[in-house]
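Worksheet for the structure shown next.
Just so you know, all these numbers are worked out from the coordinates, no wet-lab data involved. Quick caveat: nothing in here was measured; it's all calculated off a predicted structure. Quick reminder, even Gly has a Cβ in these numbers, built from the backbone with ideal geometry, and neighbours come from all protein chains shown.
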Amino acid sequence: MPYAYERVSPFVQKVLAPNPGPMTLDGTNTWILGDADRPPIIVDPGPLDEDHLDRVLAAAGGSAEAVWITHRHHDHTDGAARMAELAGCRVMAADPAVAAAPDGVLVDGFRRELGGLVLQVVATPGHTSDSISFLITEPAGGSHLLTGDMVLGRGTTVITHPDGDLAAYLDSLDTMIDIVRRHAVSEILPGHGDRVTDPQGTLVLYREHRHERLEQVRAALAAGDRTPSEIVRRVYADVDPAVWPAAEQSVRAQLEYLQSPRVRSSD
């Protein structure tokens, strides 16, 4: 059983939500960013589970400066409004429908300093259109990249078509690879699963995996498959059928990508 609480560094804590499942792995990771000298930022409160929110609030020291959201999916946001109420703060997100107010919309490049800790918003659409990541730079210079569901602690993520987009996802992988290289990021902090201790290698594998899946979809089409469900049964035959509906979303995104002008012009 994974630990419900983990202190990653003096400035980063994780509280695991009790919502395990095929799509959430061990559960949603709620992250607390900051030190003991000031109210921290809480990222992705997870489900509306009072016991979980109470554990997060206790780890945060009883209050927070803000609740930040990586993307709009319910397993990350259902507890957000209640968490903000308990912590005496507001919800901030890239999606205006999730943010508590217009001035709470997080945009690419937004920076927040908490003492010596620096947080920077990075637009990383793909899993969803509103997906954002957070570059975390600690006072001594160590860096983490908090990715929501763009990168997971194990396995790969879903392109949630039609909101998600494979072209955007591939571009975002390149963005994250560049950030990891330029900022010497030591770990990825994912929305589900354990910390990723080989950020560069993992991101490169993610990119290779996406291109391999595209080739498999091309092969399925050449073999006569026509519908997304037919392609899933062939391409994802070794995957738990419980996640086939999610895999079908990715297949739809792959089919859309293969029909895009930038791909067709290169074939």
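With respect to the conditions (1) farther than 30 Å from Arg7 by Cβ; (2) touching a residue at least 40 places away in the same chain (Cβ under 8 Å), Ala220 lacks only one, and its number is (2). One residue stands out among those in segment 6-18 that are closer than 15 Å to Asp44 by Cα and over 16 Å from the mean Cα position of the chain (by Cα): the one that is surrounded by the most Cβ atoms within 10 Å (Cβ to Cβ), which is Val12. Filtered by the rule that a residue be of a type in the set (A, V, I, L, M, F, W, C) and surrounded by 13 or more Cβ atoms within 10 Å (Cβ to Cβ), segment 208-232 gives Leu214, Val217, Ala219, Ala220, Leu221, Ile231, Val232. On inspection, Ser260 does not qualify as surrounded by 11 or more Cβ atoms within 10 Å (Cβ to Cβ), within 19 Å of Asp163 (Cα to Cα), within 21 Å of the chain's Cα centre (by Cα) and hydroxyl-bearing (Ser, Thr, Tyr).
If you go through segment 79-117 and pick out every residue that is part of a strand (DSSP E or B) and either buried (at least 20 other Cβ atoms within 10 Å of the Cβ) or aromatic (Phe, Trp, Tyr) (or both), you end up with 4.
Taking the conditions (1) of a type in the set (Ser, Thr, Tyr); (2) out of contact with any strand residue (DSSP E or B) (no Cβ under 9 Å at 6 or more places or on another chain); (3) closer than 23 Å to Val118 by Cβ in turn, Tyr169 satisfies each one other than (3). Within the span defined as segment 138-147, one or more residues are surrounded by 18 or more Cβ atoms within 10 Å (Cβ to Cβ), in contact with a helix residue (DSSP H, G or I) (Cβ under 9 Å, 6 or more places away or on another chain) and β-branched (Val, Ile, Thr).
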